[in-house]
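Everything on this sheet refers to the single structure shown next.
The values are calculated or read from the model by the stated rules, or taken from the named source; none is laboratory data. Since we're looking at a predicted model, the values are computed, not measured. With ideal geometry, Cβ positions are generated from the backbone for all residues, glycine too; neighbour counts draw on all protein chains shown.
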Amino acid sequence: LVSRKWRVKPTVLDLGDGVTIGEGALALCAGPCSIESEAQMEKVMDHLVANGVRLMRGGVFKPRSSPYAFRGLGLEGLRDFHRMARARGLKIVTEVMQVSQVEEMHDFVDVFQVGARNTQNFNLLDALGGVDKPVLLKRGISGSIEELLSSAEYVFSGGNEKLILCERGIRTFETASRNTLDLNAVPILKAKSHLPVIVDPSHGIGIREYVPTMALAGVMAGADGIVYETHETPETAASDGAQTLDFDESARLIRNLRRVYALR
Ligand code: PEP
Ligand code: MN
């Protein structure tokens with residue numbers, strides 16, 4: 001069902017209020033790795049609004065390698081995130097980690113993110129097949145392109161056709177970068193599937209100074225959008241600071257992404 005054989009025309013998702021994801025317009029989504037506080041959100045939101053970005057990312061349930069690392073503000077943080085975003089005309093993308101969270105998060109999200117550690121959590125995919133909100137599905141940490149499409153098939157066949165595929169880098173033998181951003185996946189996914197494809201260069205390379213380059217490369221590879229991490233002070237971010245852009249870097253990237261998209 002997610003194949004071009006089933007549907008030739010590219011799917012464009014309409015999030016409402018003029019925000020779309022899919023062919024015809026560059027979708028930009030930015031924000032901190034983790035939602036930390038109202039003050040932090042306010043600064044990020046001001047930055048996004050000033051730069052015409054309508055979609056904000058930010059985790060409240062964080063999958064962390066260490067149980068001692070910051071694991072997010074949870075549902076209470078999500079309520080604040082949602083309220084503040086609504087007041088500013090922003091849509092929000094946030095990660096859901098388990099089936100029981102789908103219902104409790106439902107009214108406070110615009111797009112459910114399925115993280116790379118949950119791409120093959122088939123129970124979660126089944127649950128998301130039953131909701132009426134878009135799902136941003138990340139490629140698994142060691143997942144193949146075919147496995148990503150199969151995971152998308154779970155959600156789609158469950159009845160939820162609002163899906164976005166995300167290349168976020170895979171684990172390879174290479175240690176010079178956090179992950180290996182597989183830009184090959186972009187044209188391949190676009191050819192195989194009618195679903196929108198976006199690139200996450202932040203997790204893809206994991207090194208702040210190279211994130212803009214890989215974001216631009218993602219657009220040239222044919223991505224419908226880019227999702228990346230930004231924070232007023234990346235050095236103090238509660239998670240993923242090393243791959244997070246400050247607002248100057250982010251504003252420059254947004255300008256360049258629009259320029260490059262217009263050249264395609
Ligand atoms: C994130 O978006 O912050 C995240 C944890 O992403 P991934 O699942 O791709 O590692
Ligand atoms: Mn992150």
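For the reader, a short list of remarks on this structure follows.
- Candidates 35, 21, filtered to the one that is at pLDDT 95 or above, aliphatic (A, V, I, L, M) and touching an Asp or Glu at 6+ places or on another chain (Cβ under 7 Å): 21
- Sole residue being touching a residue at least 12 places away in the same chain (Cβ under 8 Å), out of contact with any Ser or Thr (no Cβ under 6 Å at 6 or more places or on another chain), in a strand (DSSP E or B) and under 22 Å from residue 253 (Cα atoms), chosen from 28, 48: 28
- Taking the criterion of being crowded, with 24+ Cβ neighbours inside 10 Å and either among the charged types (D, E, K, R) or over 15 Å from residue 58 (Cα atoms) (or both), the residues of the stretch 220-239 that qualify are 223, 224, 225, 229.
- Each residue in the stretch 76-88 was checked for being closer than 19 Å to residue 54 by Cβ and either of a type in the set (Lys, Arg) or loosely packed, with under 13 Cβ neighbours inside 10 Å (or both), and 4 of them qualify.
- Per-region count, the stretch 135-153, residues buried (at least 23 other Cβ atoms within 10 Å of the Cβ) and among the hydroxyl-bearing types (Ser, Thr, Tyr): 1
- Any hit, the stretch 245-254, residues being closer than 19 Å to residue 169 by Cβ, touching a Cys at 6+ places or on another chain (Cβ under 7 Å) and within 16 Å of ligand 2 (Cβ to nearest atom): no
- Any hit, the stretch 68-81, residues being in a helix (DSSP H, G or I) and without any contact (Cβ under 8 Å) to a residue 24 or more places away in the chain: yes
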